[in-house]
């Protein structure tokens with residue numbers, strides 16, 4: 001990439017621009033213009049355009065739906081909701097601590113005022129910070145296409161870097177997070193060099209305890225260690241059925257390294273990522289357990 | 001001040017402010033959302049004008065560095081930057097000050113760590129962070145003056 005030869009001051013006038021009012025209008029436009037790029041916050045799309053990585057002929061602006069609602073089956077967040085809005089939601093802070101912690105470390109406050117939850121998910125970066133917490137919380141996403149809507153579990157949504165199950169004429173409209181059961185704790189930990197950086201490795205943990213403080217359900221998800229954000233189900237299973245002891249904690253956290261497939265890139269080596277995975281896994285599991293006990 | 005402008009869909013807010021309104025206080029540095037030098041307040045919220053379309057400002061209140069002083073009377077944040085010697089080459093300062101305005105709006109009594117966290121998207125390549133942080137903490141402790149709006 002010849003970043004220095006690219007003019008990042010302007011956007012070339014090489015696209016047609018649409019600003020549909022409703023998700024249905026958006027779907028109709030997407031059906032018509034198959035190669036259209038969707039513009040939500042612009043914090044990824046414009047950077048890629050300025051760097052010459054993509055040159056969309058059509059840009060479709062999506063400003064809605066933007067909402068956070070509590071319903072009987074859990075929380076529903078509109079895909080175009082700004083990250084900053086979610087970060088400031090009292091309900092999210094109280095009930096989905098890992099999601100709050102993940103959003104807090106994304107970019108800068110300016111970026112979070114612009115970027116949207118749907119954008120972070122649909123960009124499908126292996127390092128997307130909102131993905132691990134949403135995965136452990138069992139989130140699902142609502143997708144609108146020309147033929148109506150469908151719902152997909154987030155764990156089935158990502159196919160590879162930048163690739164998702166969305167067809168070219170579909171758009172993500174909503175994220176649904178089930179209400180956590182009582183005595184549930186979540187945590188999120190990310191390692192990166194400087195605060196504006198993308199994660200070298202990130203992890204989210206969800207633990208649910210029964211009345212004897214035994215772990216009745218456990219989920220672990222990681223970012224930046226595979227072509228997509230992934231779940232470490234075998235490691236999570238090692239935690240189930242017992243109280244958290246030093247032994248189960250070590251077993252589960254060490255098993256995480258066997259479930260990830262990191263690569264060596266500009267942010268870290270595969271060896272380092274494997275090595276450090278058990279450290280952040282241990283910390284994240286302990287933290288989630290402490291929070292579950294306190295809840 | 002209300003302004004009516006014709007803008008193209010590809011026109012960025014930063015270029016509209018600098019080239020059409022000739023308000024050159026808002027700076028272009030990285031152009032890819034890393035440095036915060038182009039920060040302006042859009043309806044009170046800090047955004048990066050290098051990644052914001054000008055048409056997104058339609059009907060909204062845009063405050064740039066030019067809009068926070070009252071003529072030659074500096075705003076308390078600007079004054080604190082002067083008093084603490086927080087300015088070296090100065091290129092990052094408009095962005096830093098706009099982000100600080102937003103911080104103090106949200107949290108009038110930030111701790112030093114609140115300041116460092118909130119300002120982490122504003123880079124100073126002279127690396128003069130110590131005095132910048134001091135200036136922001138000082139501004140927070142000064143009584144608020146009413147800022148003029150553009």
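By how many degrees, between 0 and 90 and to the nearest 10, does the Cα long axis of helix A:246-259 differ from the longest principal axis of chain A?
30
For an R0 of 45 angstrom, estimate the FRET efficiency from the Cβ-Cβ distance between residue A:270 and residue B:72 and round to the nearest 0.05. Mind dumping the intermediate values first?
Details: r = 58 Å, r/R0 = 1.29.
In this case the efficiency is close to 0.20.
Where does chain B land at 222 nm, in deg cm²/dmol rounded to the nearest 500, when only DSSP H runs of n ≥ 4 count, each adding -39500 (n - 2.57), divided by all residues? Write down the numbers at each step before the final one.
Details: 4 runs with 42 residues, N = 150.
Helices in chain B give a 222 nm mean residue ellipticity of -8500 deg cm²/dmol.
Helix B:93-106: angle to the longest alpha-carbon principal axis of chain B, degrees 0 to 90, nearest 10?
Once rounded, one gets 80 degrees.
Need the C-alpha centroid separation for region A:17-66 versus region A:195-272, integer Å.
Their Cα centres are 34 Å away from one another.
Any chance you could give the angle, 0 to 90 degrees and rounded to 10, that helix B:129-141 forms with the longest Cα principal axis of chain B?
Result, in degrees: 90.
How would region B:13-67 be classified by its alpha-carbon gyration tensor: rounded, prolate or oblate, with rounded meaning a/c under 1.5 and the a/b versus b/c comparison settling the rest?
On the way: a/c = 1.40, a/b = 1.21, b/c = 1.16.
Rounded, because the longest to shortest axis ratio a/c is under 1.5.
Between residue A:24 and residue A:167, 0.36 nm times their residue separation minus their Cα-Cα distance comes to what?
Full-extension gain reported as 49.9 nm.
Using Cβ counts within 10 Å as a stand-in for footprinting exposure, how do B:4, B:60, A:21 rank, fewest first?
Values: B:4 4, B:60 12, A:21 9.
Fewest-to-most ranking of B:4, B:60, A:21: B:4, A:21, B:60.
Between residue A:6 and residue B:105, what is the label-to-label distance in nm when each label sits 7 Å out along the Cα-to-Cβ direction?
Computed distance between label sites residue A:6 and residue B:105 equals 3.1 nm.
Using 7 Å Cα-to-Cβ label points, what is the residue B:2/residue A:234 separation (nm, one decimal)?
6.6
Taking only DSSP H segments of four or more residues, each worth -39500 (n - 2.57), what value at 222 nm results for chain A once the sum is divided by all its residues, to the nearest 500 deg cm²/dmol? Kindly include the intermediate steps, with their values, before the conclusion.
On the way: 11 runs with 99 residues, N = 295.
When only DSSP H runs of four or more count, the value is -9500 deg cm²/dmol.
I'd like the FRET efficiency for residue B:83 and residue A:247, computed as 1/(1 + (r/R0)^6) with the beta carbon distance as r and R0 of 60 Å, rounded to 0.05.
Working: r = 58 Å, r/R0 = 0.97.
The pair residue B:83/residue A:247 has a calculated efficiency of 0.55.
What relative contact order, as a whole-number percentage, does chain A give when Cα pairs under 8 Å and 6 or more residues apart are counted?
Values: 638 pairs, mean separation 45.7, N = 295.
The normalised contact order for chain A reaches 16 percent.
List the relative contact order of region B:76-141 as a percent without decimals, with contacts defined as Cα pairs under 8 Å and 6+ residues apart.
Details: 63 pairs, mean separation 35.6, N = 66.
In percent, rounded to a whole number, it is 54.
Bear in mind these aren't lab numbers, they're just calculated from the coordinates by the rules spelled out. Being a predicted model, the structure only gives us computed values, none of them experimental. Every residue, glycine as well, gets a Cβ built from its backbone with ideal geometry; the counts of neighbours run over all protein chains shown.
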